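The values are calculated or read from the model by the stated rules, or taken from the named source; none is laboratory data. As the structure is a computational prediction, the values presented were derived from the model and not from experiment. Cβ: placed from backbone, ideal geometry, glycine included. Neighbour counts: every protein chain shown.
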Amino acid sequence: MQKGFHEPGEKPRRFYKTVEVVEADGGFGVVLDARAVRTPKGGRLVLPTRAAADQVAGEWAGQGEHIELAAMHATRLANTAIESIPQAREATADQVASFAGTDVLCYFAEQPASLVQRQQERWGPVLARAEQELGLSFVRAAGIVHQSQPAATLAEVKALALALDDFGLAGLAFGTSLFGSAVLALGLQRGWLSGEEAFELSRVDESWQEEKWGVDAEAAERTERLRGEAQVLERWFRNLGAA
C-alpha cells in the first residue's frame, strides 16, 4: 500500500514529517518532506506571496494523525485559484455580481422596530462606504420580495471582481457565498472589515433571533465553523497583499 493511501470514505493518514515553503516558478510552493504539494489535477501548488504560502503550509503542518482536507480552507482556495479560476474568470465574476443582485445587506426587515434599527445601524455605514468609495449604489428593500439592483451597480461589481488576480478572485467568490453578500466580501478584501466583522454583519438577523429565542448546539457549532472560515479568508486577503 502506497504511503498516504486510504480506503474510500476514510480520511488520509498524515504521510509526512516536515513542511517547508520554497521559492518556485516565480512564486512560493509548499513541500512535504521535500516533495512539492500538488493540486488535485497534478499541477504544482504555487502561490504569489510567501505569506500566502505560509498560510497554506500552516494548514499542512497543523494536521494530526489524519489529514482533515475539509478544514484546509486556504489550501482549497489555492487549488481553486490555480485549477478553476483561469478558465472561468468571466463566469466567476458573474457569480459575484449575481450575489450583489440579491445582497443580504439590501434586505431590511419590516418589523420589529428593534431589528430594523439594528440593521440600519450596522448595514447602513457599509452600504454608504460602498457607494462613496466604489460607486456602488444599491436599492434597499423592506421585506423578502425581490428588489432589482441597478444594472450599472452590478456591472461595476463584476468589473471589480475581474480586476483581481486569480487568487483574489477565488477569495472574493468564496466570500460572497459565505456571507451572501458581495458588499461584505469586497469590504473584507479591501480591508474595511475584519473577517469577524463581515461574518457578524452577514448574520444580523440570526443573532437577533438567537438573543430572543436562544440557540441549539448544532446551530452554534455551524456558526463557529463559518466564523472560522471568515477568519481564514481575512488572512488570505491580507497575505495576498504581503510583499
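Observations, loosely collected:
- Residue in the stretch 30-38 that is modelled with pLDDT under 95, in a loop (DSSP other than H, G, I, E, B) and not small (Gly, Ala, Ser) present: no
- Within the stretch 143-178, the set of residues being assigned to a helix (DSSP H, G or I) and under 12 Å from Gly101 (Cβ atoms) comprises Ala151, Thr153, Leu154, Ala155, Val157, Lys158, Thr176.
- Any hit, the stretch 205-223, residues being under 30 Å from Ala155 (Cβ atoms), among the β-branched types (Val, Ile, Thr), surrounded by 16 or more Cβ atoms within 10 Å (Cβ to Cβ) and assigned by TED's automatic domain parsing to the domain that holds Val104: no
- Neighbours by Cβ (under 8 Å, 6+ apart or cross-chain): first from the stretch 112-130, closer than 21 Å to Trp213 by Cα and free of Cβ contacts under 8 Å to residues at least 60 places away in the same chain; second crowded, with 17+ Cβ neighbours inside 10 Å and of a type in the set (A, V, I, L, M): Val116/Ala109
- The C-beta contact set for the stretch 37-58 (first residue in contact (Cβ under 8 Å) with a residue 60 or more places away in the chain and closer than 14 Å to His73 by Cα, second residue of a type in the set (A, V, I, L, M, F, W, C) and in a loop (DSSP other than H, G, I, E, B), distance under 8 angstrom, 6+ apart or interchain) comprises Ala52/Ala242.
- Selection over the stretch 183-241 of residues that are hydroxyl-bearing (Ser, Thr, Tyr) and not in a helix (DSSP H, G or I) gives a count of 1.
- Subset of the stretch 39-67 (residues that are part of a loop (DSSP other than H, G, I, E, B) and touching a helix residue (DSSP H, G or I) at 6+ places or on another chain (Cβ under 7 Å)): Thr39, Pro40, Lys41, Gly43, Leu45, Pro48, Thr49
- Filter result for the condition that a residue is in a loop (DSSP other than H, G, I, E, B) and outside the structural domain of Val46 (by TED's automatic domain parsing), over Glu110, Glu133: Glu110
- Among the residues listed as Arg76, Arg140, the single one being surrounded by 13 or more Cβ atoms within 10 Å (Cβ to Cβ), touching a residue at least 24 places away in the same chain (Cβ under 8 Å) and among the charged types (D, E, K, R): Arg140
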